[in-house]
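The values are calculated or read from the model by the stated rules, or taken from the named source; none is laboratory data. Predicted model only: the values in this text are computed from it and were never measured. Neighbour counts run over all protein chains shown; Cβ positions are idealised from the backbone, glycine included. These area figures cover heavy atoms from the full protein model, side chains too; ligands, DNA and RNA do not enter into them. Shrake-Rupley method; radii C 1.70, N 1.55, O 1.52, S 1.80 Å.
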Amino acid sequence: MRTDPEDRVYHIGKHIPSWFCAILPQAALRVEEESWNAYPYTRTRYTCPFVEKFSIDIETYYKPDTGNQVDVFNMSSAEKRQRTVDPIDIVKDYITPHEYLVEEDPKLYQSLKTKRGPLSDDWIEEINQDPGECPVMCAYKLCKVEFRYWGMQSKIERFIHDVGRYGTRVRLYLHKV
């Protein structure tokens with residue numbers, strides 16, 4: 001893994017609920033990102049210097065399969081009991097009408113370069129039946145949220161997970177096939 005992380009700063013005031021903005025000073029609306037990339041593994045950590053007990057860690061493994069591995073992160077039994085597995089199917093998953101683009105629909109799109117596509121509703125099963133026929137890649141993501149402040153911890157952690165799951169689905173849809 002790279003020892004020198006890629007750093008970024010985000011100003012998030014317009015992207016979080018007003019009830020949360022109302023209790024925070026402006027300086028708390030700054031999020032710092034550190035990313036370490038060592039394909040096929042990456043790690044990204046988000047922190048807010050003003051909120052010392054807050055972090056989001058996202059680990060990713062890229063694997064040449066359709067998402068059928070059970071535990072690429074070698075989690076403990078306790079960690080497995082706490083996790084939520086959220087498979088994403090780029091063909092079947094719902095996309096909101098204002099984010100849908102017909103030219104990016106995997107049911108309609110065919111790559112001119114690779115001649116892959118369009119994909120059927122059963123594309124995963126078809127690839128699993130003949131894995132050498134079409135190269136695929138799955139991004140396995142492990143997202144950990146920590147907000148250790150009494151009284152707000154579970155609400156904030158749940159909100160971040162929910163927004164993160166939706167945002168991931170949208171970004172994956174917009175960059176698929």
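Could you please find all residues in segment 38-49 being open to solvent by less than 50 Å² (accessible area, probe 1.4 Å) and touching a residue at least 24 places away in the same chain (Cβ under 8 Å)? Outline the logic, then answer.
We begin by selecting, within segment 38-49, every residue open to solvent by less than 50 Å² (accessible area, probe 1.4 Å); these are 38, 41-42, 44, 47-48.
Passing the criteria: Ala38, Tyr41.
Of the numbered criteria (1) farther than 18 Å from Tyr41 by Cβ; (2) out of contact with any Leu (no Cβ under 6 Å at 6 or more places or on another chain), the one Val91 fails is (2).
When segment 19-69 is limited to residues that are closer than 30 Å to Pro131 by Cα and of a type in the set (A, V, I, L, M), the one that is modelled with the lowest pLDDT turns out to be Ile58. Looking only at segment 8-22, residues that are part of a strand (DSSP E or B) and out of contact with any helix residue (DSSP H, G or I) (no Cβ under 8 Å at 6 or more places or on another chain) come to 3 in all. Looking only at residues of segment 92-108 that are open to solvent by 60 Å² or more (accessible area, probe 1.4 Å) and charged (D, E, K, R), we find that the one that is nearest to the chain's Cα centre (by Cα) is Lys92. Taking the criterion of being farther than 16 Å from Gln82 by Cβ and either at pLDDT 85 or above or touching a Pro at 6+ places or on another chain (Cβ under 6 Å) (or both), the residues of segment 136-151 that qualify are Val136, Met137, Cys138, Ala139, Tyr140.
Taking the criterion of being in contact (Cβ under 8 Å) with a residue 60 or more places away in the chain, among the acidic types (Asp, Glu) and either part of a helix (DSSP H, G or I) or touching a helix residue (DSSP H, G or I) at 6+ places or on another chain (Cβ under 7 Å) (or both), the residues of segment 50-97 that qualify are Asp86, Asp93.
Taken over segment 98-108, the residue count meeting the criterion of being in contact with a helix residue (DSSP H, G or I) (Cβ under 7 Å, 6 or more places away or on another chain) and in a loop (DSSP other than H, G, I, E, B) is 2. Selection within segment 70-91: residues that are among the acidic types (Asp, Glu) and open to solvent by 40 Å² or more (accessible area, probe 1.4 Å). The member of this set that is farthest from Asp105 (Cα to Cα) is Glu79. Scan segment 91-126 for residues that are within 24 Å of Asn68 (Cβ to Cβ) and modelled with pLDDT under 90 and the total you get is 7.
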